[in-house]
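Chemist: Starting off with a structure, shown below.
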Amino acid sequence: PEETVTSSFASFIHAARPEHLSQTVRQRSKRMILDSIGVGLVGSTTRVFDIALRYCRELYSSVAVSSVYGKPGVKLSPTLAAFTNGVATHSMDFDDTWHPATHPSGAVLPALLAASQMLPPNTKPNGLDFLLAFNVGLEVQGRLMHFSTEAHDIPKRFHPPSVVGTLGSAAATAKLLSLSSAQCCHALGIAASLAGAPMANAATQAKPLHVGNATRLGLEATLLAGRGMEANPLILDDIPGCSGFSAFYSIYQPKPLSTPGEHHEFLLEKQDIAFKRFPAHLGMHWVVDAALSVRNLFINYAGSFSPSLIRTILLKIPVSKYINRPFPSSEHQARHSFQFNACAALLDGEVGLGSFSESSIHRQELRELLDKVVVEHPEDNVANFDKMYGEVALLLHSGDVLTGKCDTFYGHWRKPLSKESLLKKFRSNASHVLPEEKIEAIITLVDNLENLSDSSQL
């Protein structure tokens, strides 16, 4: 039969082998895995995680074989463990981000962790199989996003991990569970029927559900396909008059994915990942670095940070409605507010976990700074994580103007976190729920993942 886009993706999933992973891809993906586990562990301390876990424990209790972040001794069914851990990963918006924009690890890793514990002892995948499945899930997400120019900009309609992440989870778990090429095709088709969440729920407690559902429903799609359920075998193709995956994008131009050969180059080889230094929407990292820069200028100018000397705080940011929030009233709104993050950085000289507590958000001195903020949208500052910039200018009562600008923040794929910085972030996050010896054991396991005989140990 004639090859289709969908069948090419299924063939890729089925044919990918560990030897197709370059050393660069292995190292970058292990950094992602470690960071995502740390983010999930600290995320297990949040209220939205507690709500999700309580829901799962009260309503579903059978087949409890898979572990939950930060809760020793607690087991859930594989799909619900994937869901709960996915919620934890995105509960603080602290997880990694790719370009085109999505959160790739959180949609894939929890499903793989849960699935690896689900399998009988004599069929557990080894660490290299796990690493390969993880990268298959990343590759499918990246290829799908490249089918639409719309996906390159900060999203307006669908939250990307709820769309491409669901199919990425299906692809990754289909690989880990050794589905046939035909079953991989059906898994993608089933996942497409389970995908999608609107951007209007950004900056609410519902947003972490997008990642939780993506990783859970992708795994469910794989389990259903493995049991014989079928779906449209042309789900990724552009069929006039009958939308498949194209329903999620106004512009959609799919291309076949070649079967990996000796010289296959994964997208992760060409496009590194952004790791966040503090728990907020990625766009905030530009304005925070710009704010910290101008704060240093202000201290050199005035001897200390004195808000009374400031008449206006001018932010030059791209147009993006859901992260333009002048007066956020909750932690989730604050994580999605250019204004809040700029002012928090100016006032405190840093942004961290504590910045988004209720007491911090409602401080009088912070509210007074927010009152001084004016926003501009320069035409050259586009809503695109590869091209945008953040600029913060302080217009003083004296008439002087101090300006800080950030084109590439530390942690962006153009300026990756060092190994030391990534480990510092992981240790800090994991320390909220784990003792030091277990933290160091995880670091060692991930660093030697290729040599792990049983990936469920992770």
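The values are calculated or read from the model by the stated rules, or taken from the named source; none is laboratory data. These numbers were taken from a predicted model, which means no experiment stands behind them. Neighbour counts are summed over all protein chains in view; Cβ atoms, including those assigned to glycine, are modelled from backbone coordinates with ideal geometry. Accessible surface is based on the protein model in full, side chains and every heavy atom, while ligands, DNA and RNA are left aside. Shrake-Rupley method; radii C 1.70, N 1.55, O 1.52, S 1.80 Å.
Chemist: Counting only protein heavy atoms and a 1.4 Å probe, tell me what percentage of region 282-406's accessible area is made up of carbon and sulfur.
Modeler: Working: 2440 of 5150 Å².
Taking all protein chains in place, region 282-406 shows 47 percent carbon and sulfur surface.
Chemist: Okay, next question. For region 282-406, just say rounded, prolate or oblate: build the C-alpha gyration tensor, square-root its eigenvalues into a ≥ b ≥ c, call rounded for a/c under 1.5, and beyond that prolate if a/b exceeds b/c, oblate if not. Don't skip to the answer; put the middle values down first.
Modeler: On the way: a/c = 1.64, a/b = 1.10, b/c = 1.49.
Oblate, because a/c is 1.5 or more while a/b does not exceed b/c.
Chemist: Modelled label-to-label distance, residue 427 and residue 265, 7 Å Cα→beta-carbon offset: nm?
Modeler: For residue 427 paired with residue 265, the spin-label model returns 3.6 nm.
Chemist: Next question. Which entries in the list 124/207; 156/207; 175/438; 276/321 go over 26 Å, if you measure between the two C-alpha atoms of each?
Modeler: The pairs that break the limit, which is 26 Å between Cα atoms, are 124/207; 175/438.
Chemist: Could you compute how much accessible surface residue 329 exposes when probed at 1.4 Å, giving the result in Å² to the nearest 10?
Modeler: We get 70 Å² for residue 329.
Chemist: Still on this structure: Below 10 angstrom from the Cβ of residue 64, what's the summed charge of the other residues (Lys, Arg +1; Asp, Glu -1)? Present the calculation step by step, with values, prior to reporting the outcome.
Modeler: On the way: positive: 57, 75; negative: none.
So the surrounding residues net to +2.
Chemist: Hey, another quick one. Spin-label point model (7 Å from Cα, Cβ direction): what's the residue 180 to residue 364 distance in nm?
Modeler: 7.2 nm
Chemist: Sticking with this one: Could you check what % of the DSSP bridge pairs in the chain are antiparallel, to the nearest 5? Working shown, then result.
Modeler: Values: 17 of 21 bridges.
Looking only at bridges with both residues in the chain, the antiparallel portion is about 80 percent.
Chemist: Same structure again: Using the alpha-carbon atoms, what tilt in degrees (0 to 90, nearest 10) does helix 419-430 show relative to the longest principal axis of the chain?
Modeler: On a 0 to 90 degree scale, this one is about 90.
Chemist: Also, quick follow-up: Using a 1.4 Å probe on the protein chains only, how many percent of the accessible area of region 409-452 belongs to carbon and sulfur? Mind showing how you got there, number by number?
Modeler: Working: 1260 of 2380 Å².
Carbon plus sulfur share of accessible area: 53 percent.
Chemist: Sorted by mean Cβ packing within 10 Å, highest first, what order do the peptides 95-104, 289-298, 268-277 take? Show your work: numbers first, answer last.
Modeler: Numbers: 95-104: 25.8, 289-298: 21.1, 268-277: 19.5.
The densest-packed peptide leads the list: 95-104, 289-298, 268-277.
Chemist: Same structure, new question: Please identify which residues in region 313-352 have an amide N closer than 12 Å to a label point set 7 Å out from the Cα of residue 301, following the Cα→Cβ vector.
Modeler: 313-314
Chemist: Continuing with this model, one more query. Taking K and R as +1 and D and E as -1, what net charge do the other residues with C-beta under 15 Å from the C-beta of residue 375 add up to? Write down the numbers at each step before the final one.
Modeler: On the way: positive: 316, 321, 325, 372; negative: 371, 376, 379, 391.
Surrounding charge for residue 375 is 0.
Chemist: Assuming R0 = 45 Å, can you tell me the calculated FRET efficiency for the pair residue 229 and residue 312, based on Cβ-Cβ distance, to the nearest 0.05?
Modeler: Values: r = 59 Å, r/R0 = 1.31.
Working from the Cβ atoms, E equals 0.15.
Chemist: So, one more: Exactly which trypsin sites (Lys or Arg not before Pro) in region 161-234 are in a DSSP loop and have at most 15 other Cβ atoms within 10 Å?
Modeler: Working: sites: 175, 216, 227; in loops: 227.
In loop regions of region 161-234 (DSSP not H, G, I, E or B), the sparsely surrounded trypsin sites (Lys or Arg not before Pro) are 227.
Chemist: Could you report the chain's accessible area per residue, 1.4 Å probe, as an integer in Å²?
Modeler: Working: 17690 Å² over 458 residues.
Dividing the accessible area of the chain by its residue count gives 39 Å².
Chemist: Continuing with this model, one more query. Summing +1 for each Lys or Arg and -1 for each Asp or Glu, what net charge is found among the other residues whose Cβ lies under 13 Å from the Cβ of residue 419? Don't skip to the answer; put the middle values down first.
Modeler: Numbers: positive: 28, 30, 31, 424, 425, 427; negative: 35, 420, 447.
Residues close to residue 419 contribute a combined charge of +3.
Chemist: Here's something else I'd like to know. For the chain, give the magnitude of the charge dipole about the Cα centre (Cβ charges: +1 Lys/Arg, -1 Asp/Glu; no others), in debye to the nearest 20.
Modeler: 740 debye
Chemist: Considering only protein heavy atoms, what is the solvent-accessible area of residue 257 at a probe of 1.4 Å, reported in Å² to the nearest 10?
Modeler: Looks like 10 Å² after rounding.
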